[in-house]
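What follows is calculated from the coordinates using simple rules that are stated; it is not laboratory data. Everything quoted here is computed from the prediction, not taken from an experiment. Here the Cβ is made from the backbone with ideal geometry for all residues, glycine too, and neighbour counts use every protein chain on show.
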Amino acid sequence: DVLDLFRRITRAGIHLAFMAHVNHPRELSTAAVEEAIARIRETGAEVRTQSPLLRNINDRPEVWSEMWQRQVELGCIPYYMFVARDTGAQHYFSVPLVRSWEIFRDAYQRVSGLARTVRGPSMSADPGKVEILGVTKVAGKKVIALRMLQGRNSDWVMRPFFAEYDEKATWLSDLRPAFGDKRFFFEEELEERYCAPNAGWHGRYVNGGRAAVTLAALTAGAWYARKRWLS
């Protein structure tokens with residue numbers, strides 16, 4: 001079964017991380033969940049947790065601090081707080097970026113170092129995974145500080161950048177560069193290398209089928225791993 005596959009992988013000296021999607025601490029309150037997490041961890045795999053910040057569901061700091069603390073109690077590693085993607089029912093679930101950061105900050109302040117493995121709020125946007133570092137003032141001007149956690153160009157990773165303060169923005173493409181700059185540092189290269197002609201960096205990619213290709217690759221990888229470790 002799956003747990004046996006996990007054991008075979010870890011016994012072969014391979015580090016295995018299981019990503020658990022948890023939206024609310026109530027999901028961690030049942031005996032079934034406790035047993036499931038314990039059985040996964042008994043195989044030698046670690047359990048990391050992530051969730052989007054969702055209006056009307058978990059958009060309060062006390063919900064997140066309680067959830068992270070409970071995850072640590074169960075032996076899980078809090079990993080990411082995501083901003084709700086700019087698709088589907090975003091109009092219902094989205095939380096403005098500034099408010100998202102305030103919720104993350106207030107929740108982070110309530111937990112010990114063991115739960116401060118979590119990162120966020122982050123957006124899996126066109127140029128890469130972007131983290132909201134906070135709201136600050138530079139040369140007397142209020143701005144939003146961000147940095148790239150993952151980028152289409154690895155040279156972008158961990159590079160900070162600034163956007164004009166905007167309390168209504170809910171996604172990276174809603175933001176405008178601070179200090180009168182016309183573009184964020186990544187825009188020109190992103191448009192030249194990854195976007196369809198005249199689409200703009202928040203438009204369509206030349207390799208627009210990348211999601212289907214990635215899903216196929218992951219499925220094939222999972223099949224290969226199962227075949228290898230169960231043989």
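Some values worked out for this structure:
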| item | result |
| --- | --- |
| Burial ordering of Val157, Val143, fewest other beta-carbon atoms within 10 Å first | Val157, Val143 |
| Under Karplus coefficients 6.51, -1.76 and 1.60, residue-wise ³J(HN,Hα) of segment 46-63 in Hz, glycine/proline x | 9, 10, 10, 10, 8, 6, x, 7, 10, 4, 6, 10, 9, 8, 9, x, 5, 5 |
| Sequence-distant residues sharing a close amide H with Cys195 (under 5 Å, placed H) | Val206 |
| ³J(HN,Hα), Karplus 6.51/-1.76/1.60, whole Hz, each residue of segment 101-109, x for Gly, Pro | 5, 4, 5, 4, 4, 5, 5, 4, 5 |
| FRET efficiency for Glu188 and Arg105, using Cβ-Cβ distance with R0 set to 45 Å, rounded to 0.05 | 0.90 |
| Cα-based reach from Lys141 at 12 Å (exclusive), listing aspartates and glutamates while leaving out same-chain residues under 8 positions away | Glu164 |
| Low-density loop positions, GluC sites (Glu not before Pro), segment 84-185 - DSSP coil, at most 15 other Cβ in 10 Å | Glu167 |
| Length added when fully stretched, Arg26-Glu42, from 0.36 nm per residue minus Cα-Cα | 3.4 nm |
| Stokes-Einstein D in µm²/s, Kirkwood radius over Cα pairs - segment 34-186 at 10 °C with 1.306 mPa s viscosity | 96 |
| Rounded to whole Hz, the Karplus (6.51, -1.76, 1.60) HN-Hα couplings of segment 118-134, x for glycine and proline | 6, 10, x, x, 10, 10, 8, 9, 3, x, x, 8, 10, 9, 8, 7, x |
| Cα centroid of segment 1-58 to Cα centroid of segment 128-179, whole Å | 31 |
| Stretchable slack from Lys141 to Val157, in nm (0.36 nm times residue separation minus alpha-carbon distance) | 3.2 nm |
| Amide H contacts of Thr49 (H built 1.01 Å from N, under 5 Å, at least 5 apart or other chain) | Ala20, Ile77, Tyr79, Tyr80 |
